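Just below is one structure, and these are the notes that go with it.
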Amino acid sequence: MSFHPNDMRRRGIAANVIVTGVLIFLGAGFFRTQVLQHDKYTLQSETNRLRELPLPAPRGIIYDRNGKVIADNVIGYTVSVLAQREDTLRAVLQRLSGTINITPTQIEQAVRRYRRAPTRPAVILPDASFDVVSVLEEHRSQFPQMNIQSSPRRFYPDGPIVAPFVGYTGEISETELAQPVFADYKAGQQVGKQGLEKAYESVLRGKEGSQFAEVDARGRIVRGQGGARPDLLPVPAPPLYTNIDLDLQRYVAGIFGDSLIGGAVAIEPKTGAVLALYSAPSPDYNRFIGGVPVAYYDSLRTDPRKPLYNKALQGQYPPGSTWKLATTVVGLETGAVTMSDHMPISCSGGLQYGNRYFRCWDKRGHGSLSLQGAIAKSCDVFFYQLGLKLGLARLIAGGVSLGMDAKAGIDLPEEKRPRFPESLDYFNRKYGRNWSQSIVLSMAIGQGDNSQTILNMARFYSALATDGSAAKPEIVKGKPERTPMVKLSAEQLAQVQTALVGVVEGGTAARSAIKGVQLAGKTGTAQSGTLDAFGKELNHAWFVGFAPANDPKIVVAVMIEFGGHGTRAAAIASAIIANYLKVTPVSDITTDG
Amino acid sequence: MATKRLAVDWPLVIIALLLSLYGISIVYSAGQTDIPTAVGRLWKTQLLWFFLSIGAAYAATRCTVRLLDWLTWPAYWLSIAMLVLLIFVGKGAGTAASTKSWLAIGGFRIGQPSELAKITVVLALAKVLSTFKEPPKSLLELWKPALVVGVPWVLIMLQPDLGTGIVFVGFAFAMLFWSGVSWPLLVLVASPVVSLILAFNVQVWGAWFLLLIALVLWYKPYLYEGIFLACTNVLFGVLAPIIWDKLAPYQQKRLLVFLNPDLDRRAAGYHVLQSQIAIGSGGLFGKGYTQGPQKRLAFLPAQHTDFIFAVVGEELGFVGVLLAFTLFLLLFLRVTKIAERANDSYSSLVAFGLLASWFVHVLVNVGMTLNLMPITGIPLPFFSYGGSFMLASWLAIGILVRIAAEGRGGRTGPFAI
């Protein structure tokens, strides 16, 4: 090889130029990355190592009309695990189960939660007791992925008493997450599942905050809460003020006790404000918070009294004689009858129509009654004839215009539509073309193809109690919405109200009068279609009424499943009204004597 | 001679010492993670290896170039023997767990013979090239150097160790240049490899091929050489896709990830991305020694070996990077000077070969941390944790000190750069 110093120098310079050039090129690369793109990489570094831990916002406190607390927040503890992979999560849970009691079901639940939102901490114990938390705190160093958070937990101080309207909250489900309504929700968040909690979710939820924890590449929490970056505090939701009278609600629940099955609704007739809404028996939704225990849920599900079924909102019962007022209104509206009119056939305990004998509830017979008297005595024979006079088409159309086939429109998501034929087509569909005109007899006395909710009957009577307009029932305070419903003159309405007073004063609910207050209302004894042990048909007991009759402050609808005669419901309704109006029911005094 | 006091090239030694101390301090920092791992204790081992290596370097300075020349072939054959042995008993380790680069006895890993081979092959190639009276003018004349590098290269690629393979190609090429091989011939030698790389794009390869034909016509090699070149280029250009299929999936993945690191953020691209994040977030002055969060929180992979330079970038910033580059540049310039002034062609080639070997390490390793080079698992001289490489690097320093001392100007101006 050529080894002359000049050659070596030449190659040496070439080598130096190449080496220096390459190092300058690399240096430029570092300058670009470290100085020019510094901000970009700083951000990436932070997203790398900072994990957002959600800070749930306290839900809005729900108050009754007098400022008493219906739904509150208490401090609860949530135990969660930040995991990057499912196997890591499973391994941590496996080890945790050696320290605290975790069932395989809970492990599977946590894994499912993780799959739904891998970037959020997977909740293992949504509602850990203080004892469990203190055990875990002791072993904290063994579980660097674990995160214990104190978070607000929903609490209903009155438990089952308020359950029928307040509902409960729970972790958002996959089905819910898929809906556009819940677009800004994340898996693991609490959401209203029923009742007010569901209806006013957007108001009650508040705004979730965030905590930042610093994690290493394997997801172990290195610097916990607040250490890495200041917290973003959650924004609590504003309180929710309701029309509920908690004292009355407690009283209603107390009357039903453990033995009665049924429901009651109390409404302020002029505003539609719902004072009380109860369904018996009622579950304790406090036990649903943080996941309902399987055993408790099963006991509710298998209970023949169906506690999970809201009898005031969802229960569809034949309204029985309480519906005779609808027949009355349709009769008066169409001019087919006046309050003083008598029917051609006087009541002798029943009516022969075609080849069938339609009995009156009182087989002794009522004789010839005016409409007013027929309401007071609830004479079936009178209403059979009124129904025939009106004809089925007019009766159905009238019922529809009285909202008998529509929801009352309460601000609770559970309300069911009553079952009522929308027109004659219903019968054509159901029975073919050959149905008998005798259907109108049953329909006129509130039997047949007619199932009403307790709430809807209360709404109808609130229209009867006032100027004929019905207010939309509202749990939460708002601007009352009144819609004209009963199209009668003031004089006619006054006559109807007088007739309803007659029911209590000497009529079917005579024993339920209240001392010092004029109570108006109508009993109902509806055939349930269910037989008792002796083959006798069981009846639902209804009473819908209002007081004071001349200036109604409260409308109450009570229905006792298989409660027998309507007078039993009337006694309860009268007690509820007396409690609300702070007066003494007569029945209480008379039973003493 | 052996008892005579040596004129030590102190600048070289001081630069190497500074680089080693800088490196060990970074190995220490690399072990400082929020959740302690075994890496936390490795700086002690590295320090021990450092002292051992200084001793070995001293011993190397006591060995004359003549003795080195005489030892070249035995050392070369010993390396070859060990590399052959590895094919059968090699063990994987660390980030290269699937390869067979480690020699172990009874489960105890002794070292990586390929690190030693990096020196012995340089020596052997220097010996072969120094026998040429005139620089090689044709490809045919290069058969001997090609064989000397080719045999160990094939053995290393069988492990497989792409990184070391690249180093071999790098220093062999550099030494050809140093021996006076003309630029056009160097391009012709390199042409098949270039063809291989360009084969992935037919248009670009076509352009390259036309350029090559022009060069062949201008350089006028022997006819059969020209035909041979054309054939190999076509062969490599066409073969490349077939070879691609033969690559292990992880190798394919690494190459793909090199081309586009965002391809698979979580898996293979993850390493490069984390390294870039660490370096980029370091900024001008860094996060402070031992304080880098990317490293502390274990986001940075192989932070004490392959990606150690990312720790420098994160914790000491651009300033720390420049300091390291300056030290490396001083080292390279110093070694070029030693190679220039060497007494004979053999020692000059040895010096330049060692320089080239380090240079390729620095270029590939540092380039990799910034995604300028593919991930090959090649260590950074004086920085990356690893005994064999530390020892080999300091042996090289020892040899260079000896060459400098025996070279022209070695006695007169040891401190002159």
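The values are calculated or read from the model by the stated rules, or taken from the named source; none is laboratory data. Since this is a predicted model, take the numbers as computed values, not measurements. Please note: Cβ atoms are built from the backbone with ideal geometry, for glycine as well, and neighbour counts cover all protein chains shown.
Can you name the residue in the stretch B:329-340 that is surrounded by fewer than 24 Cβ atoms within 10 Å (Cβ to Cβ) and touching a residue at least 24 places away in the same chain (Cβ under 8 Å) and, of all such residues, is nearest to the chain's Cα centre (by Cα)?
B:F332
So, B:I378, is that one in contact (Cβ under 8 Å) with a residue 60 or more places away in the chain and under 21 Å from B:S29 (Cα atoms) or not?
Answer is yes for this residue.
Could you please let me know if A:I439 is touching a Leu at 6+ places or on another chain (Cβ under 7 Å) and farther than 30 Å from A:E201 by Cα?
Numbers: touching a Leu at 6+ places or on another chain (Cβ under 7 Å): yes; farther than 30 Å from A:E201 by Cα: yes.
When the stated conditions are applied, A:I439 passes them.
Going residue by residue through the stretch A:458-472, is there one that turns out to be among the charged types (D, E, K, R) and within 19 Å of A:L277 (Cα to Cα)? Step through it out loud before you land on a result.
Our first condition is that a residue be among the charged types (D, E, K, R); within the stretch A:458-472, this holds for A:459, A:467, A:472.
Going one step further and asking which of them are within 19 Å of A:L277 (Cα to Cα), we end up with A:459, A:472.
Yes.
Can you give me the number of residues within the stretch B:343-360 that are within 10 Å of B:A126 (Cα to Cα), touching a residue at least 60 places away in the same chain (Cβ under 8 Å), more than 10 Å from every other protein chain (Cβ to nearest Cβ) and aliphatic (A, V, I, L, M)?
So the answer is 1.
Does the stretch B:124-141 hold any residues that are within 16 Å of B:A351 (Cα to Cα) and without any contact (Cβ under 8 Å) to a residue 24 or more places away in the chain, and which are they?
B:V128
Check A:L441 against each of (1) in contact (Cβ under 8 Å) with a residue 40 or more places away in the chain; (2) assigned to a loop (DSSP other than H, G, I, E, B); (3) surrounded by 14 or more Cβ atoms within 10 Å (Cβ to Cβ) and name the one condition it does not meet.
Evaluating A:L441 over (1) in contact (Cβ under 8 Å) with a residue 40 or more places away in the chain; (2) assigned to a loop (DSSP other than H, G, I, E, B); (3) surrounded by 14 or more Cβ atoms within 10 Å (Cβ to Cβ) leaves (2) as the failure.
Test each condition in (1) modelled with pLDDT under 90; (2) of a type in the set (D, E, K, R); (3) within 30 Å of A:I161 (Cα to Cα) for A:K311 and report the one that comes out false.
(1)
Of all the helices (runs of 4 or more DSSP H) wholly in the stretch A:360-410, which have at least 1 residues that are among the aromatic types (F, W, Y)?
A:380-390
What are the residues in the stretch B:293-340 that are more than 10 Å from chain A (Cβ to nearest Cβ) and either among the acidic types (D, E) or on the phi > 0 side of the Ramachandran plot (or both), if any?
B:A302, B:D306, B:E315
Quick check: anything in the stretch A:174-184 small (G, A, S), within 30 Å of A:Q142 (Cβ to Cβ) and in a loop (DSSP other than H, G, I, E, B)?
No, because not a single residue in the stretch A:174-184 is small (G, A, S), within 30 Å of A:Q142 (Cβ to Cβ) and in a loop (DSSP other than H, G, I, E, B).
Mind checking which residues of the stretch B:269-286 are within 11 Å of B:G313 (Cα to Cα), more than 9 Å from every other protein chain (Cβ to nearest Cβ) and surrounded by 22 or more Cβ atoms within 10 Å (Cβ to Cβ)?
B:S275
When you scan the stretch B:67-91, how many residues do you find that are loosely packed, with under 14 Cβ neighbours inside 10 Å, at pLDDT 90 or above and not aromatic (F, W, Y)?
Counting residues in the stretch B:67-91 that are loosely packed, with under 14 Cβ neighbours inside 10 Å, at pLDDT 90 or above and not aromatic (F, W, Y) gives 3.
Anything in the stretch B:171-217 that is out of contact with any Gly (no Cβ under 8 Å at 6 or more places or on another chain), β-branched (V, I, T) and at pLDDT below 85? List them, or say none.
Across the stretch B:171-217, the qualifying residues are B:V187, B:V189, B:V193, B:V194, B:I197, B:V202, B:V204, B:I213.
In the stretch A:299-345, which residue that is part of a helix (DSSP H, G or I) and without any contact (Cβ under 8 Å) to a residue 12 or more places away in the chain is surrounded by the fewest Cβ atoms within 10 Å (Cβ to Cβ)? Walk me through it before giving the result.
The initial filter retains those residues of the stretch A:299-345 that are part of a helix (DSSP H, G or I), namely A:299-302, A:320-334.
From what is left, the residues that are without any contact (Cβ under 8 Å) to a residue 12 or more places away in the chain are A:299, A:301-302.
On the way: A:S299: 12, A:R301: 10, A:T302: 8.
Ranking the candidates gives A:T302 first.
Which of the residues that make up the stretch A:8-26 are surrounded by fewer than 12 Cβ atoms within 10 Å (Cβ to Cβ) and either on the phi > 0 side of the Ramachandran plot or among the small types (G, A, S) (or both)?
Residue satisfying the conditions is A:G21 alone.
Closer than 30 Å to A:P230 by Cα and either assigned to a helix (DSSP H, G or I) or polar (S, T, N, Q) (or both), is that true of A:Q84?
Yes, satisfied.
Take the conditions within 22 Å of B:L17 (Cβ to Cβ) and among the β-branched types (V, I, T) and apply them to B:I338. Does it pass?
Spelling it out, B:I338 is indeed within 22 Å of B:L17 (Cβ to Cβ) and among the β-branched types (V, I, T).
Assess whether A:R140 counts as being out of contact with any helix residue (DSSP H, G or I) (no Cβ under 6 Å at 6 or more places or on another chain), away from chain B (no Cβ under 14 Å) and buried (at least 20 other Cβ atoms within 10 Å of the Cβ). Give the steps one after another, and end with the answer.
On the way: out of contact with any helix residue (DSSP H, G or I) (no Cβ under 6 Å at 6 or more places or on another chain): yes; away from chain B (no Cβ under 14 Å): yes; buried (at least 20 other Cβ atoms within 10 Å of the Cβ): no.
No, not satisfied.
Taking A:L204 as the residue in question, decide whether it is under 21 Å from the mean Cα position of the chain (by Cα) and not hydroxyl-bearing (S, T, Y).
Yes: the conditions hold for A:L204.
Just to verify a result, which residue in the stretch B:142-174, among those that are surrounded by 15 or more Cβ atoms within 10 Å (Cβ to Cβ) and within 14 Å of chain A (Cβ to nearest Cβ), is farthest from the chain's Cα centre (by Cα)?
B:L142
If we scan the stretch B:181-203, do we find a residue that is closer than 26 Å to B:A351 by Cα and not in a helix (DSSP H, G or I)?
Scanning the stretch B:181-203, I find at least one residue that is closer than 26 Å to B:A351 by Cα and not in a helix (DSSP H, G or I), so the answer is yes.
Is there a residue in the stretch B:385-400 that is within 12 Å of another protein chain (Cβ to nearest Cβ), in contact with a Leu (Cβ under 8 Å, 6 or more places away or on another chain) and in contact (Cβ under 8 Å) with a residue 12 or more places away in the chain? Before the answer, list the steps.
Going through the stretch B:385-400, the residues within 12 Å of another protein chain (Cβ to nearest Cβ) turn out to be none.
No, because not a single residue in the stretch B:385-400 is within 12 Å of another protein chain (Cβ to nearest Cβ), in contact with a Leu (Cβ under 8 Å, 6 or more places away or on another chain) and in contact (Cβ under 8 Å) with a residue 12 or more places away in the chain.
So for the stretch A:31-45 (the condition being within 7 Å of chain B (Cβ to nearest Cβ), among the aromatic types (F, W, Y) and over 30 Å from B:R334 (Cα atoms)), does at least one residue qualify?
Yes, the conditions are met somewhere in the stretch A:31-45.
Give the residue that is nearest to B:S130 (Cα to Cα), with candidates limited to residues of the stretch B:361-372 that are more than 10 Å from chain A (Cβ to nearest Cβ) and touching a residue at least 60 places away in the same chain (Cβ under 8 Å).
B:H361
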